[in-house]
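Have a look at the structure below before the remarks.
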Amino acid sequence: MSSRDVAGGGRAAGLWARADLRRRWRSLVVLGLLAGITGGFAMASVAGARRTDTALDRLKKVTNAPDAIVFASQSGVFEPDFAKLRARPEVKDLAVWDLVFGNFAGQPGAVLFASDDGRFGGVVSKPVLVAGRMWDPESTDEILIDEQEARNGTSIGDTGTFEMLGPTIEDLVYSRANGPTVTLRVVGIVRDMREHLFATTGAAYLPPGFVPRYRGLAAIHPNADVILRKDTDVATLRTIVNEVIGPGTPVLDLRGAERRVDTTLSVERSALLLVALAIAVAGGLMVGQALIRSASVVGDDALVLRAMGFSRLDVAIAAGLGHALTGLIAAGAAATTAIVASRWFPVGLGRRIDPAVGVHVDWAVIGPGVLLTFAILLGSALAVASRAGSLRSTRRPRPASAFATRLRRRAPLTIGLGTTLAFDRGRGPTSIPVRPALVGAAVGILGVIGALTIDRGLNDALAHPERAGVTWDLTAMPPPDAFALGRLKPDVARAAIDASRGTLAVISRQLVPVNGVGSPALSLRAADDGKPSPISLALVTGRAPRTAGEIAVGPATAREIHAKVGDTVRIGEPSVEATIVGEALFPSDVHDQFDEGIWLLPDRLEQLVPPDESSHGLYLAIRLPAGLETRAAIAGLQRVLPSGSEVIAAEMPVELMNLRNVRTLPVLLACLLALLAVGALGHVLVASSRRRRHDFAILRALGLDSRRIHLIVNTQGTAIGLAGLVVGVPLGVGFGRTLWRLVTDRVPLTAVAPFAVGAVVLIVPITVFVANVLAAWPGHRLARLRPAEELRAD
C-alpha cells in the first residue's frame, strides 16, 4: 500500500469519525465519565491502601517516636541514672518522662504522663496537635489529652481536680491520696503512638513545669523513651539497661509492639485493595459492555466502508478516533475523582493513625492509573472496531455451541431455551456477552462468601477472648497484706470465691531470664492452694507444663530465643534446664506483648524468684459463672476484698481490640461484590431482551404464551446464578479461611476455621430470588411483544 493510500484512508477515517462524533458525542462523553469515575474510585482505594501501609511509619517520623521504653519504676528503681544510659554509644537519643499517680475528678487510680525535662513531647515522642494548642512548658496546671480520651467525652476547656498520691512506697501500695492537689485544665488534643500501641481508655500529658514543682511531694516515678542507633537492637538495650539501671528492669520493644497495629493495618490495606479490585471488575464489566456496543457501531457501516475502499485498519481507526475523546475524558475524570475521593481514605485504624488526613495526590497511583485508563479504553475500542470491520466475521457468524444444541434437544422447551441463553452467546448481531455475566456472578458470590467468612472469624475472635489468651473474666489486685509468702490468705480466698461464685487462681508474674534474655514468667496456683489451678493459659500448640522441668513459651519469645517445642533452654539465675512443651498466650500487659513470656509451675517459679513480703507480681484471676454480670461481680468483690484492692475486667490485647476497627470492611466488600454480581446479571438479562426481540417475536408467533416467555427469561437468570453458586461458594469458603488463617498467624490467635453457615445456606435462595427479580422486567417487556409489528420488516 502506498503512502498516498494510507493518507487517503486516514483522511476518510477522520471524516467518518467526525460525523460519528457529531451524531453521538453525548453518549461518548457519558461513557468517558462513567469509565473515569469508576477508575478514579479504584485508584483512590489503591492510594488509600498505600497510605494505610505507611500510616504508622509516617506517624513515627512526624513524632520522632522511640524504639523502646525503659520502665525503671516497674523494677522498683525510682531514681534511675538515665544520664549514664544516654551516654552509651548505642543510644541515639533519650527522653525522660514520669508516671504521676493520684485521683482525678473523683476517680481513683488515675495515672498521668509528665514530661520530665522537656525533651519528652518536645524532641522525642512529639505529639501531633489535632485541636486546641500545646501546653505552656512552664505551666503546672495545663494538660493535653489524646484522641481516645476525647472520644470518652473530655473536651478542650474542661477542668478536673487531681489529688496526688504521697511520695512513699506505702502511699502508692495503699493508694493514699495525701499529696498535693491541683486543678488541671485541658488545652489541647493530640495524636501519638502510645494511644495506638497500648490498650488504654485515654491518656493525659502534663507539661515539663509540673515535675520540678511537685517532685518529692507526690508519687512521681521516672521512665524513659529511647531511640537506638540503626545497628542496635532492643536485646542489646536490655543488656545495657540491666547493667546501668538495674537487673530485671523491663524494656518494651516498640518495634515489636508495632505489630499490635500492623496486623490491623495489614487487614485494612488488603481490604482496600480488594475493594479497588471489586470496583475495577464491576466497572470493567459495566463500562466494558457499553464500550463494546459503542465501538461496534462502526460494524453497521462496515460493508459499505469496505466497499468504498476502507481497509480493516481504516475501519478500526475511524472508530478509535471518536473514542479518543472518550479516553481523554475518562483520564481526566479518573484523576479528578481519585484526588477528590482521597479525603475519604484511609479508613478505620489507618485513618486514626495517619498524621495528615485530607486531600492527597498520589502520583505513583494516579499517573499510571490515568495512562492505563486511557490505554485500555482506546485499545479496547480499536480491538472491537477491528473485529466489527472484518468481512469474515460479518459473513460467517459463529455457530451455536454443542452444549447449547444438546440442551435444547433434551430439556423441556422453556428450560432448554432459558439455559441456552444463559450459556451460549448466540450468533451475529444477536450475540450476547454471557461470559462477563457468568464471571461476574461467580466472582461476586465468591467475594460475598469469602468476606462473610472473614467477618465470621472476626466476630468469633471478638466474642471469644480466649482465642487471644484471655481465659478469665476479672483481674483483682489486692494489697500486699492479702498474701502470705506467695499464697492468698484463706479468709480472703473464701470471701472472694463466695462473692464471685466463680473460680479463682493466684497468678505470679516475675522476670526470669531465658537463655539470657529477660522474659516475664507466669505461674498459676489455685486460690485455696490445695488443688491444681482451675484456670489455665491458652495454648497455641503443644501442651501445658506438668513438671518442674517443663515450660511453655510465647510465640514471640520462642522466636527471640530461637527455640521451638521440644528444645531445651536455660532459665533463671543461676540457670536450670527446662524443656519447652508448648506455646501459649499470656495476659496482656503494658510492658510485654501477649505472645511474650514463659509459663511454668508455681513451685519452680518460687525456686527461681522466692516470694517476699511485698507480694510483688501477685494478683488474682477470676472466671465468672455463666449469667453473672461483670459489673455486679466487680462490685461484690470490691466489698469483700481488703481495702485498697482494685478489681477490673480482664484486659484485652491491643491486637484483638484493634481488629474491631476492620469489622465493617468485610461487610462493605461483600456489599460491593454483591452489587457486582447483581449488575452483571441484570445487564445480560436486559441486553438479551433487547438484542433478541426478533427471536422472541418468532417464539410468540409460534404459539408461546407470555407465561412461558417469562419462564425462559427466569430460567436464563437462574442458570447464571446457579453457575455462580457452584463456582463461587466453595472457592469463597476456601478464600475466606485462607485469609483468616493469615490473620490468626500474624496476630497470633488460636486458629479456629470460620464457616459462615448462615451465609452459605441463605445465599442459594437469595441468589435464585434476586435472579428472578432481575428477570421480571426484561420478561415483562418480551411478554408484551406484538409479533406482527416486530416481524413486519420480514
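The values are calculated or read from the model by the stated rules, or taken from the named source; none is laboratory data. All of these numbers come straight from a predicted model, not from anything done at the bench. Neighbour counts run over all protein chains shown; Cβ positions are idealised from the backbone, glycine included. Heads up: the accessible areas ignore ligands, DNA and RNA and are worked out on the full protein's heavy atoms, side chains in. Shrake-Rupley method; radii C 1.70, N 1.55, O 1.52, S 1.80 Å.
Numbers below:
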item: The stretch 642-680: number of residues that are of a type outside the set (A, V, I, L, M, F, W, C) and either part of a helix (DSSP H, G or I) or more than 30 Å from P480 (Cα to Cα) (or both); result: 8
item: Selection status of V640, of a type in the set (A, V, I, L, M, F, W, C), open to solvent by 50 Å² or more (accessible area, probe 1.4 Å) and closer than 30 Å to L99 by Cα; result: yes
item: Condition check for L685: open to solvent by 20 Å² or more (accessible area, probe 1.4 Å), assigned to a helix (DSSP H, G or I) and in contact with a helix residue (DSSP H, G or I) (Cβ under 6 Å, 6 or more places away or on another chain); result: no
item: Check on E149, at pLDDT 90 or above, of a type in the set (D, E) and not in a strand (DSSP E or B); result: no
item: Identity of the residue in the stretch 244-285, open to solvent by 50 Å² or more (accessible area, probe 1.4 Å) and at pLDDT 85 or above, that ends up farthest from R509 (Cα to Cα); result: L273
item: Selected residue (criterion: nearest to V581 (Cα to Cα)) from residues of the stretch 528-542 that are open to solvent by 70 Å² or more (accessible area, probe 1.4 Å) and of a type in the set (D, E, K, R); result: K531
item: Flag for P653 being in contact with a Phe, Trp or Tyr (Cβ under 7 Å, 6 or more places away or on another chain) and either open to solvent by 50 Å² or more (accessible area, probe 1.4 Å) or not aliphatic (A, V, I, L, M) (or both); result: yes
item: Unmet requirement for A633, which otherwise passes all of (1) touching an Asp or Glu at 6+ places or on another chain (Cβ under 8 Å); (2) small (G, A, S); (3) surrounded by fewer than 21 Cβ atoms within 10 Å (Cβ to Cβ); result: (3)
item: Out of F769, F735, sole residue that is more than 25 Å from D595 (Cα to Cα), in a helix (DSSP H, G or I) and free of Cβ contacts under 8 Å to residues at least 40 places away in the same chain; result: F769
item: Matching residues, the stretch 738-753, being part of a helix (DSSP H, G or I), of a type in the set (A, V, I, L, M) and surrounded by fewer than 18 Cβ atoms within 10 Å (Cβ to Cβ); result: L742
item: Selected residue (only one of A364, A375, A334 is open to solvent by less than 30 Å² (accessible area, probe 1.4 Å) and of a type in the set (G, A, S)); result: A334
item: Condition met for A680 (among the aliphatic types (A, V, I, L, M) and open to solvent by 20 Å² or more (accessible area, probe 1.4 Å)); result: no
item: Pick from the stretch 168-191, criterion β-branched (V, I, T) and within 25 Å of A257 (Cβ to Cβ), ranking: surrounded by the fewest Cβ atoms within 10 Å (Cβ to Cβ); result: I189
item: Members of the stretch 487-497 found to be surrounded by fewer than 21 Cβ atoms within 10 Å (Cβ to Cβ) and outside any helix (DSSP H, G or I), listed by number; result: R487, K489
item: So V62, is it open to solvent by 50 Å² or more (accessible area, probe 1.4 Å), within 30 Å of F210 (Cα to Cα) and at pLDDT 85 or above; result: yes
item: Residue list for the stretch 199-212, restricted to those being hydrophobic (A, V, I, L, M, F, W, C) and open to solvent by less than 20 Å² (accessible area, probe 1.4 Å); result: A203, A204, L206, F210, V211
item: Filter result for G132 (free of Cβ contacts under 8 Å to residues at least 40 places away in the same chain and more than 17 Å from N64 (Cβ to Cβ)); result: no
item: Count - residues of the stretch 199-227 that are within 30 Å of the chain's Cα centre (by Cα) and under 21 Å from R86 (Cα atoms); result: 3
item: Out of G348, G309, G322, sole residue that is surrounded by 21 or more Cβ atoms within 10 Å (Cβ to Cβ), modelled with pLDDT under 85 and at positive phi; result: G348
item: Qualifying positions in the stretch 147-162 - in contact with a strand residue (DSSP E or B) (Cβ under 6 Å, 6 or more places away or on another chain) and open to solvent by less than 70 Å² (accessible area, probe 1.4 Å); result: E147, A150, T154, D158, G160, T161, F162
item: Selection count, the stretch 106-143, where residues are hydrophobic (A, V, I, L, M, F, W, C), crowded, with 18+ Cβ neighbours inside 10 Å and within 25 Å of R176 (Cα to Cα); result: 5
item: Qualifying residue in the stretch 568-583 (condition: touching a helix residue (DSSP H, G or I) at 6+ places or on another chain (Cβ under 7 Å), open to solvent by 40 Å² or more (accessible area, probe 1.4 Å) and touching a residue at least 60 places away in the same chain (Cβ under 8 Å)); result: no
item: Of residues in the stretch 691-742 being farther than 23 Å from A442 by Cβ and of a type in the set (V, I, T), the one nearest to the chain's Cα centre (by Cα); result: I709
item: Elements of type strands (runs of 3 or more DSSP E) contained in the stretch 50-145, each with 3 or more residues being of a type outside the set (G, A, S) and out of contact with any His (no Cβ under 6 Å at 6 or more places or on another chain); result: 91-104, 107-115, 128-132
item: Meets criteria (open to solvent by 20 Å² or more (accessible area, probe 1.4 Å), farther than 30 Å from A280 by Cα, of a type in the set (A, V, I, L, M, F, W, C) and not in a loop (DSSP other than H, G, I, E, B)) for I709; result: no
item: Among the residues listed as R194, R215, R229, R238, the single one being touching an Asp or Glu at 6+ places or on another chain (Cβ under 6 Å), among the basic types (K, R), open to solvent by 10 Å² or more (accessible area, probe 1.4 Å) and at negative phi; result: R229
item: Flag if D695 is closer than 15 Å to T420 by Cβ and open to solvent by 30 Å² or more (accessible area, probe 1.4 Å); result: yes
item: Odd one out for C671, checked against (1) more than 20 Å from T38 (Cα to Cα); (2) surrounded by fewer than 19 Cβ atoms within 10 Å (Cβ to Cβ); result: (1)
